[in-house]
Amino acid sequence: TGRIGDGKIFVYPVTEAKTAFRRMQQARHVGKIVLQMPQPLQPRGDRTYLITSGLGALGLFTAAHLAQLGAGDIVLTSRRAPDADAQQAIDDIVERHRCRIHVFTADVGDEAQVEALLQRIRAELPPLAGVAHLAGVLDDALLTQQNVEHFRTTLAPKAFGARYLDRLTTDDDLDFFILYSSAASVLGSPGQANYATANALLDGLAVDRR
């Protein structure tokens, strides 16, 4: 297990998925449960790695993981500046792993801001070699109360943002392009038709990239 800010992360190897889901089913956790895949990533010290929604618990955990594996420069994006807890977590990662973490403000649901973000990375930092897209916003409502705005709010950062990143990094030599989807895309969840749709679009984009 690992603790980031106020959230707690429980990490299981994918071979222990049954145990992880049993913990979730029994509501024995407060925080996130992560299944760790075999053949870990191999980030490089002379490359840059982008994490969207990087100031949340999962974003900071991902940053710490990439730093531990050897990432040199890590860019965390958010629509806001880091609060005291996030900044402390960033400082801890930098001190522990001797990497460089940059926080750039950007709304990845806005194509122009994604383009400007990537241009800034290319101009100021080593070549971009990996993207981890975590951005997402909930806007729950029962289906009879859903409307276009509810869908737009949820689709913009997660699904549209992923599509912008996909298209605008076509010419970058990426080692990986990771999309944080959700089981909601196949299992559904009350009041989250828009969220399930956004994640289903991520699943489709992953298939398309492959």
Number of the condition not met by ALA123 [criteria: (1) over 27 Å from THR15 (Cα atoms); (2) small (Gly, Ala, Ser); (3) in contact (Cβ under 8 Å) with a residue 24 or more places away in the chain]:
(3)
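Take the conditions of a type outside the set (Phe, Trp, Tyr), modelled with pLDDT of 95 or more and over 25 Å from ASP172 (Cβ atoms) and apply them to GLN87. Does it pass?
Details: of a type outside the set (Phe, Trp, Tyr): yes; modelled with pLDDT of 95 or more: yes; over 25 Å from ASP172 (Cβ atoms): yes.
It is true that GLN87 is of a type outside the set (Phe, Trp, Tyr), modelled with pLDDT of 95 or more and over 25 Å from ASP172 (Cβ atoms).
Sort out for me the helices (runs of 4 or more DSSP H) sitting completely within segment 1-113 that have 2 or more residues that are open to solvent by less than 50 Å² (accessible area, probe 1.4 Å), in contact with a Gly (Cβ under 6 Å, 6 or more places away or on another chain) and of a type outside the set (A, V, I, L, M, F, W, C). Explain how you work it out, then say what you get.
Numbers: elements: 17-25, 57-69, 84-97.
The helices (runs of 4 or more DSSP H) meeting that bar number zero.
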Does segment 152-162 contain at least one residue that is open to solvent by 50 Å² or more (accessible area, probe 1.4 Å), in a loop (DSSP other than H, G, I, E, B) and either polar (S, T, N, Q) or under 19 Å from THR52 (Cβ atoms) (or both)?
no
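Please work out which residue is farthest from GLN25 (Cα to Cα), limiting yourself to segment 165-208 and to residues that are among the charged types (D, E, K, R) and surrounded by 11 or more Cβ atoms within 10 Å (Cβ to Cβ).
Quick first cut of segment 165-208, residues among the charged types (D, E, K, R) only: 166-167, 171-173, 175, 203, 208.
After this cut, where a residue has to be surrounded by 11 or more Cβ atoms within 10 Å (Cβ to Cβ) as well, the list is 166-167, 172, 175, 203.
Details: ASP166: 34, ARG167: 38, ASP172: 41, ASP175: 35, ASP203: 24 Å.
In this case the residue turns out to be ASP172.
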Which residues, counting only those in segment 114-137, are within 15 Å of ALA57 (Cα to Cα), small (Gly, Ala, Ser) and open to solvent by less than 30 Å² (accessible area, probe 1.4 Å)?
ALA132, ALA135
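The values are calculated or read from the model by the stated rules, or taken from the named source; none is laboratory data. Note that the structure is a prediction, hence the values are computed from the model and not measured. Note that we place each Cβ from the backbone using ideal geometry, even for glycine, and neighbour counts take in every protein chain shown. Surface accessibility is based on the protein's heavy atoms, side chains included, excluding ligands, DNA and RNA. Shrake-Rupley method; radii C 1.70, N 1.55, O 1.52, S 1.80 Å.
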